[in-house]
Amino acid sequence: EEHREESERLEFLRAQHQDLVTARNDLRAAIREINQTATRLFHETFEQIRENFRATFLRLFQGGECDLWLEDPEDPLDSNIEIHASPRGKKTQRIDLLSGGERALTALSLLFGIYLVKPSPFCVLDEVDAPLDESNIGRFIHLLQEFKVQTQFVVITHNPRTIEAADWIYGVTMEEPGVSRIVGVQLEDALDVAGVGTLG
């Protein structure tokens with residue numbers, strides 16, 4: 001009787017063990033499939049972003065070269081990403097050797113390179129134009145105007161040229177001491193009222 005009970009217990013444990021082995025194998029197969037799919041999608045997206053980054057960088061800098069690559073191509077899902085940027089006339093290898101304006105334009109090139117692959121309905125840019133000189137501000141504004149068809153930009157800025165390019169301007173005013181008020185103005189309407197007309 002004890003033998004029968006132990007035999008039944010052994011059969012039960014063997015069945016449980018087999019279920020666990022089968023579940024483990026199924027889980028490993030699912031993980032392999034997910035990793036293969038994720039790796040394939042990552043490589044496809046990474047290559048698209050890389051090409052867009054190059055094109056946007058060349059446009060913003062009017063020349064130069066840039067690139068993205070994986071530190072560990074064998075393990076792309078956990079690898080760090082290296083960024084190389086050389087504006088026209090410079091032989092820069094590391095981002096930290098670029099000026100503030102060059103770094104801002106490089107970051108914008110990468111951001112818009114990603115946006116071309118995966119557009120976002122909203123984007124908040126906080127003082128990204130602060131380190132840019134006049135000619136770079138113009139290229140930055142043209143880039144925003146191109147992308148505003150698919151993305152609504154909220155740009156926090158003190159730059160007059162960036163403000164002039166906006167459709168709406170919001171500011172904080174203090175009509176009486178200690179009482180702040182947010183004021184919004186549609187630039188086109190304000191220019192019509194002022195008799196200036198639309199800026200070219």
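The values are calculated or read from the model by the stated rules, or taken from the named source; none is laboratory data. Please read all numbers here as calculations on a predicted model, not as lab measurements. Note that we place each Cβ from the backbone using ideal geometry, even for glycine, and neighbour counts take in every protein chain shown. Protein only, heavy atoms only, side chains kept; ligands, DNA and RNA dropped before computing areas. Shrake-Rupley method; radii C 1.70, N 1.55, O 1.52, S 1.80 Å.
Just a few scattered comments:
- Every pair of residues 6+ apart whose Cβ atoms lie under 7 Å, when the first sits in the stretch 30-48 and is under 13 Å from Ile81 (Cβ atoms) while the second is among the β-branched types (Val, Ile, Thr) and open to solvent by less than 80 Å² (accessible area, probe 1.4 Å): Thr45/Val117
- Residue check, Leu97 surrounded by 11 or more Cβ atoms within 10 Å (Cβ to Cβ), in contact with a helix residue (DSSP H, G or I) (Cβ under 8 Å, 6 or more places away or on another chain), under 30 Å from Asp129 (Cα atoms) and not β-branched (Val, Ile, Thr): no
- Just one residue in the set Arg54, Arg14, Arg59 is charged (D, E, K, R), over 16 Å from Ser109 (Cα atoms) and assigned to a helix (DSSP H, G or I); that residue is Arg14.
- Among the candidates Glu71, Glu1, Glu102, Glu65, the residue that is out of contact with any Cys (no Cβ under 7 Å at 6 or more places or on another chain), more than 25 Å from Glu134 (Cβ to Cβ) and surrounded by 10 or more Cβ atoms within 10 Å (Cβ to Cβ) is uniquely Glu71.
- Between Thr56, Thr45, the distinction of being at pLDDT 90 or above, under 30 Å from Ile137 (Cβ atoms), open to solvent by less than 80 Å² (accessible area, probe 1.4 Å) and within 17 Å of the chain's Cα centre (by Cα) belongs to Thr56 only.
- Strands (runs of 3 or more DSSP E) wholly inside the stretch 70-167 containing at least 3 residues that are free of Cβ contacts under 8 Å to residues at least 24 places away in the same chain and under 21 Å from the mean Cα position of the chain (by Cα): 81-86
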